[in-house]
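The values are calculated or read from the model by the stated rules, or taken from the named source; none is laboratory data. This structure is a prediction, so every number in the text was calculated from the model and none was measured. Don't worry about glycine lacking a Cβ; one is built from the backbone with ideal geometry, like all the others, and counts go over all protein chains shown. Note: areas computed on protein heavy atoms with side chains; ligands, DNA, RNA excluded. Shrake-Rupley method; radii C 1.70, N 1.55, O 1.52, S 1.80 Å.
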Amino acid sequence: MASERVERRLMAILAADVAGYSRLMGVDEEGTLAQLKAHRRELTDPKIAEHRGRIVKTTGDGLLAEFASVVDAVRCSVEIQDEMTQRNADVPPDRRIEFRLGINVGDIIIDESDIFGDGVNVAARLEALAKPGGICVSRMVRDQVRDKLALSFEDMGEQQVKNIARPVRAYRLVTDAALGLAAAAPGRRRQVPRWAVAAGIAGLVLGASGAAAFWRLYQPHHVAPTAASPSATPPALPDKPSIAVLPFANLSGDPAQDYLADGLTDNLVDALAQNPGLFVIARNATQVYRGEAVAPRAVAKDLGVRYVLEGSVQKSGDHIRVTAQLIDAVTAT
């Protein structure tokens, strides 16, 4: 007798639950349930649909969803967690609903409207490893999205999880909400998104030198030949102000903080690239200089730009020190 053919497909699986749900229900059952339903109705369900996902099932405080695209699954998760941070801003810490999210890519079994298999089980175990308000992903997820989304990942190493034979390599996705670029405020800590820091640096870079420097920035890039080198010619430069952002150095003394410098560099490139008046070198072209002591003028010559931005990040406890300097390679200022 021929066995029934099992339907399988490769999908991105998102598992979610509420951190400390039993405690929240013990404090205020009706209020907690009302909050959870509101978050589902107004945020999580619409976000999953917006990113072309399908909610497979809900289990009390949790849910399981599938996505045809791992990029969509990660985007959806980041947006959910970032918006949940905003929703919880004015809620007392002991009353906040905070999701833990786990994402995996795997071959799953389809049984009517439900899904099964190790791919689903690993997603659930990753969700259990996530911090409240955090996202934990498998190595395959990290590898699939690392070059497609401007996100940072913190390696959690091999994790031995329940009912999974082999250790799972897990990564903590560092969202704007989880990054913790915090400034102390009376009675409460304010989270500063990484993109805001990067945009702030970009604004300072473009505005710090004042109106006179801004005027020079937009003048034609001509350098007069010197007497010592009468045949010297200026490098061929783009028609508009051109800039390369070198990878920011991590001065924290902890290699685990490299993600902070890398994430800030990525977002700074993105922030500068939003200005249509600038020609910005792609980040992958400057990665060869990471960890190298190079002269900005040599970098400018290699990449064919006039301006080079370099800097460093140093994290100590809850404080972040960021330094940056903009070098005009033509005038050496």
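Taking 7 Å along the Cα-to-C-beta vector as the label spot, tell me the Asp111-Lys240 distance in nanometres, rounded to one decimal. Output for this residue pair reads 5.7 nm. Of the solvent-accessible surface of the stretch 2-48, computed with a 1.4 Å probe and all protein chains present, 50% belongs to carbon and sulfur. Length available on full extension from Asp302 to Arg8: 0.36 nm per residue minus the Cα-Cα distance, which gives 100.8 nm.
Taking a straight Cα-Cα cut-off under 22 Å and skipping sequence neighbours fewer than 8 places away in the same chain, the lysines within cross-link reach of Lys240 are Lys301. Applying the Karplus relation 6.51 cos²θ - 1.76 cosθ + 1.60 with θ = phi - 60° to the stretch 69-81 yields 3J(HN,Hα) values of 10, 5, 5, 4, 4, 5, 4, 4, 5, 4, 5, 4, 5 Hz, where x marks Gly and Pro. Taking the Cα centre of the stretch 36-160 as reference, the dipole from Cβ charges on Lys and Arg (+1) and Asp and Glu (-1) amounts to some 280 debye. For the stretch 74-174, pairs of C-alpha atoms spaced more than 18 angstrom apart make up 50 percent of the total. The overall shape of the stretch 1-85 is oblate: from the C-alpha gyration tensor, with semi-axes ordered a ≥ b ≥ c, the ratio a/c is 1.5 or greater and a/b is no larger than b/c.
Taking a ≥ b ≥ c as the square roots of the eigenvalues of the Cα gyration tensor of the stretch 1-160, is the shape rounded (a/c under 1.5), prolate (a/b larger than b/c) or oblate? Provide the component values of the computation, followed by the final result.
Details: a/c = 1.86, a/b = 1.42, b/c = 1.31.
Cα axes put the stretch 1-160 in the prolate bin.
Can you compute the FRET efficiency between Lys162 and Glu79 using 1/(1 + (r/R0)^6), with r the Cβ-Cβ distance and R0 = 22 Å? Round to the nearest 0.05. If you can, show how the numbers build up before the last one.
Details: r = 29 Å, r/R0 = 1.33.
According to the calculation, E is roughly 0.15.
For the stretch 66-164, the solvent-accessible area works out to 46 Å² per residue, with a probe of 1.4 Å and every protein chain left in place.
Rounded to the nearest 10 square angstrom, Arg290 shows an accessible area of 100 square angstrom against a 1.4 Å probe.
Each of Gln325 and Leu251 was given a label point 7 Å from its Cα along the Cα-to-Cβ line. The distance between the two points is 1.1 nm.
Here the accessible area is traced with a 1.4 Å probe on the protein chains. For the stretch 228-323, carbon and sulfur cover 51 percent of it.
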